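The values are calculated or read from the model by the stated rules, or taken from the named source; none is laboratory data. It should be emphasised that the depicted structure is a prediction, and the values quoted were computed from it without experimental measurement. Positions of Cβ are backbone-derived with ideal geometry, glycine not excepted, and every protein chain shown enters the neighbour counts. The area values use the complete protein model at the heavy-atom level, side chains included, leaving out ligands, DNA and RNA. Shrake-Rupley method; radii C 1.70, N 1.55, O 1.52, S 1.80 Å.
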There are 2 protein chains.
Amino acid sequence: MLIKGASLLQAGEVIRDQNVLIEDNRIIKIGRSLKAEDDEIIDAKGMLAIPGLINGHTHLAMTLFRGYADDMKLMPWLEEKIWPLEAKLTPKDIQWGVKLGCLELIRLGVTCYNDMYYFMHETAEVTREMGLRAILSGVLFDMRPDLMNEAEPFVRRWKDDDLIRPAIGPHAVYTCSEETLHKARDLAEKYDLMLHIHLSETKDEVDRSIDEHGKTPVEYLDSIGFLSERVIAAHCIWLSPGDISTLARRKVNVAHCSISNHKLASGIAPLDKLLSAGVNVCLGTDGASSNNNLDLFQEMKMTAIAQKCAHFKPDLFRAEDIWKIATENAYAAFDLDLRLQEGSLADLSLIDLKKPWFCPRPLTNAVSHLVYSMLGGVDTTIVNGQVLMKEGIIPGEEEILEKSQEQFEDLVTR
Amino acid sequence: MLIKGASLLQAGEVIRDQNVLIEDNRIIKIGRSLKAEDDEIIDAKGMLAIPGLINGHTHLAMTLFRGYADDMKLMPWLEEKIWPLEAKLTPKDIQWGVKLGCLELIRLGVTCYNDMYYFMHETAEVTREMGLRAILSGVLFDMRPDLMNEAEPFVRRWKDDDLIRPAIGPHAVYTCSEETLHKARDLAEKYDLMLHIHLSETKDEVDRSIDEHGKTPVEYLDSIGFLSERVIAAHCIWLSPGDISTLARRKVNVAHCSISNHKLASGIAPLDKLLSAGVNVCLGTDGASSNNNLDLFQEMKMTAIAQKCAHFKPDLFRAEDIWKIATENAYAAFDLDLRLQEGSLADLSLIDLKKPWFCPRPLTNAVSHLVYSMLGGVDTTIVNGQVLMKEGIIPGEEEILEKSQEQFEDLVTR
């Protein structure tokens, strides 16, 4: 496949009028005068090619719950709305929820997502079918000991897939015993996998951990030997200075979810201190039930402006800092090279710049436009060398919208 | 004009399968079985009709500065970047900046905007040409005493226009003397106009006012008889309890600009206290130079989630509260009835619901989707009975994008 005449965003800089040659699932050559040795040519004149984005923390099947319950306190929201719905979930609900989520991610230029939820086989199958890349963890809770039995078979089934990477997902310190956390860690070590966990999301979680263990959640996890560079910890809002040092020392990766944290009123994460300490932070949208969309561009804007305001520092958290967090840091966290350079995986999207919010477009400040102005315009999304959306068209979109609508109605009236 | 088969959002509730008959600039009939007595029929099957949105505070010509200077402290940003550019502004810059801004507003379902800037004749002419409704104030500064001379002629020229409503725009208490503020107020009273002012945007503004006048900006304005229901005050972040009571007692309208306030790190406005005190608050995007787009939907989301988080109250600032602020409160502030009911002005937009972010769409929670999930999909925008965008097409869009790009390049190299 040859992408012709695109402006390329590489490491925050725009290089004009470039051709990108893709073979199989890799970018093999980038340059001005490449010839097509392939049938498929994508005319990218007037387009900005950007590297694939990674959603660092979500629960994709929950896209089916979008707008079902908003504006509630965390516990009533979970107990009265989310958990009763989740208790009724079938594989078919998951399939349509994940399809709907994939549709949205493709439309928004996201080529990979990091998930934790139920029915991971179905999630993996649908994600493959939709063509996206994903790191998938079946959630582990003590309340549902059967889930642990599913973890290893899931890993074995998917560990050699080129799009799906299995991981292990103990839910959080307040829902998993030390034994569960140890089993999760051992499984991750045995198969060299990531560990995906919610960490220090609410003040209540920290208070409970101190009551129960005499330690913060981070201290507790460190004391049981759980923390390492294979951990991706979502949220990380309520951290002591010692917690931050520990996360840095153990090389834990953090998925920061600004919109969800604000919508659930969980708090504002100490992003400045995490970054200063050298913690690798990337961005996630969390589930559409607490966001309520999956837009990483909106997440970037919110992260930048919320942090600026929290510290009264308009000159910190600059667009280029946020862009690096959303791209380079995510590639480091998930050990994926989507860098839009020769040899990288062919995960990228083309953005049509003929939109009012990209004008004026001196292209010296493309990153500012992506972080602060972006209101849509992804024209083409390519994952692993496959075109998933072209000229804004995703095959089968209408059917997915209809069927997931029907499936949601079936779920809530079941 | 007959709009056929739309779902209608009226006072937060969705009514399905409605026809809307528009004659001249008014909605004259709404019902299920209306016949067309007109040539123009708009098929709105699968669309949600929403009332026209009002951008309560912006500087539309500054859309030309989008992304020109970000991530700076307020004073260097103004002194090194914005003011030098503004010193070079010509009527032609304003014309293309306003055209570009109107284009974006039309695309985002905004049918009216409240502006304060330079070259208001040009702004008014271009806005009329583009078909939008606007309340326009030439900015008044003591540094530029000539601007005061332009105010009354501008009012006389436009006071009987059906789309453009002139207003008086003294910039702020730190840039206008008591004499200027009195002249502005007297002019507003003479012609029965609104007064548009920046108020208590930064802590520094308040500190300076206390140093200079021994009063907060609100106390000072009240002491000189400036405050009344004709005032629309932008920002209102740094307010004492007494200030809030005064704003309520004087029936001042507030334009809250959450995104700009966060991006410039000005602070978080005490929206809960303003609303409890009975102050009429609506929403504005501020200029695209500090936002960097003009999307009121994004403003709604940011307002809701920032306020929830600031007060650790996820159950406050609900989607329906924010929707009311963005619509009903704006209609009250600007004395405009855009309510999507018989007799109202025909300002509305049609939203194509076949987007992933509107799915599932039980239509019982349309307001949640508009406030929290919305990522585009405005298909048709109608202002004053005229169709400005249909099926996503705005005549002349490409030319505006090209010409405003050229104009920006000319401005920065001039």
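Between the Cα long axis of helix B:296-311 and the first principal axis of chain B there is an angle of about 60°, rounded to the nearest 10. Cross-linked pairs A:LYS313/B:LYS203; A:LYS99/A:LYS183; B:LYS354/B:LYS390; B:LYS35/B:LYS390; B:LYS273/B:LYS313; A:LYS45/A:LYS390: Cα-Cα separations exceed 19 Å for A:LYS99/A:LYS183; B:LYS35/B:LYS390. In nanometres and ascending order, the distances from the A:LYS313 label point to those of the other copies are 3.0 (point 7 Å from Cα along Cα→Cβ).
Each copy carries A:LYS324; placing its label point 7 Å along the C-beta direction from Cα gives inter-copy distances of 4.6 nm, listed from smallest up. The relative contact order of chain B comes to 21 percent, based on Cα pairs under 8 Å that sit 6 or more residues apart. Taking amide H as placed 1.01 Å from N in the peptide plane, A:LEU353 has its amide H under 5 Å from the amide H of A:LEU48, each at least 5 places away in sequence or on another chain. Over the protein assembly as shown, with a single point scatterer placed on each C-alpha, what log10 of the ratio I(q)/I(0) does the Debye formula yield at q = 0.07, 0.08 1/Å? The Cα Debye sum returns log10 ratios of -0.52, -0.68. Across the range A:16-23, computed HN-Hα scalar couplings (Karplus, 6.51 cos²θ - 1.76 cosθ + 1.60, θ = phi - 60°) run 7, 6, 10, 9, 10, 9, 10, 10 Hz from first to last residue, x flagging Gly and Pro.
Going from most exposed to least, what order do B:MET75, B:MET62 have by accessible area with a 1.4 Å probe? Mind showing how you got there, number by number?
Working: B:MET75 80, B:MET62 15 Å².
Descending accessible area places them as B:MET75, B:MET62.
Run lengths n ≥ 4 of DSSP H only: what is the helix-derived mean residue ellipticity at 222 nm for the protein assembly as shown, with -39500 (n - 2.57) per run over all residues, to the nearest 500? Mind dumping the intermediate values first?
Values: 28 runs with 283 residues, N = 828.
One gets -10000 deg cm²/dmol as the mean residue ellipticity at 222 nm.
With respect to the axis relating copies B and A by rotation, the chain B residue whose beta carbon is closest, plus that distance in Å, is B:GLY376, 2. For B:GLU23, go 7 angstrom from Cα along the Cα-to-Cβ vector, then report the distances to that same point in the other copies in nm, smallest first. Taking the point 7 Å beyond Cα along Cα→Cβ, the inter-copy spacings are 7.1 nm. Only the Cβ atoms of Lys and Arg (+1) and of Asp and Glu (-1) were treated as charged; on that basis the dipole of the range B:53-333 about its Cα centre amounts to roughly 560 debye. A dipole drawn for chain A from +1 and -1 charges on Cβ atoms has a positive end, and of A:THR327, A:MET130, A:ASN261 the residue lying farthest that way is A:THR327.
Rounded to the nearest 10 degrees, the angle from helix B:91-107 to the longest Cα principal axis of chain B is 40 degrees.
Each label point was placed 7 Å from the Cα along the Cα-to-Cβ direction; for A:ARG32 and B:ALA332 their separation is 6.2 nm. Computed from the Cα positions only, the extents of the range A:53-333 along the three principal axes stand at 47, 42, 39 Å, in decreasing order. Around the Cα centre of the protein assembly as shown, unit charges on the Cβ atoms of Lys, Arg, Asp and Glu (plus for the first two, minus for the last two) sum to a dipole of about 480 debye.
Here the Karplus relation 6.51 cos²θ - 1.76 cosθ + 1.60, evaluated at θ = phi - 60°, turns the backbone of the range B:328-343 into coupling constants of 3, 5, 5, 4, 5, 4, 9, 6, 10, 9, 10, 6, 6, 9, 4, x Hz, with x for every Gly and Pro.
Using a Förster distance of 56 angstrom, determine the FRET efficiency expected from the C-beta separation of A:ILE224 and B:GLU406, and round it to 0.05.
On the way: r = 63 Å, r/R0 = 1.12.
Plugging the Cβ-Cβ distance into 1/(1 + (r/R0)^6) gives 0.35.
Rounded to whole numbers, the Karplus 3J(HN,Hα) couplings from phi for the range B:76-82 are x, 4, 5, 6, 8, 10, 6 Hz, using 6.51 cos²θ - 1.76 cosθ + 1.60 with θ = phi - 60°, and x at Gly and Pro.
Separation of the range B:1-73 from the range A:284-320 is 29 Å, based on Cα centroids.
For A:SER137, the amide hydrogen comes within under 5 Å of the amide hydrogens of A:ASP115, A:MET116, A:TYR117, A:ALA167, counting only partners 5 or more places away or on other chains and with H modelled in the peptide plane. Could you pull out the pairs from A:LYS301/B:LYS81; A:LYS4/A:LYS251; A:LYS251/A:LYS308; A:LYS355/B:LYS88; B:LYS355/B:LYS403; A:LYS324/B:LYS81 whose alpha carbons sit more than 29 Å apart here? Flagged as over cut-off: A:LYS4/A:LYS251; B:LYS355/B:LYS403. What you get for the range A:106-179, charging only the Cβ of Lys and Arg (+1) and of Asp and Glu (-1), is a dipole of about 340 debye around the Cα centre. Database remark: amide H of B:ILE42 closer than 5 angstrom to the amide H of B:LEU2, B:ILE3, B:LYS4 (H placed geometrically; neighbours at sequence offset of 5 or more, or on other chains; Pro and chain starts carry no H).
Round to the nearest 10 and give me the degree value, 0 to 90, for the angle of helix B:203-213's Cα axis relative to the longest principal axis of chain B. Computed tilt is about 50 degrees.
When ranked by the protection proxy of mean other Cβ atoms within 10 Å per residue, highest first, what sequence do the peptides A:17-23, B:141-147 form?
Details: A:17-23: 19.7, B:141-147: 12.9.
The densest-packed peptide leads the list: A:17-23, B:141-147.
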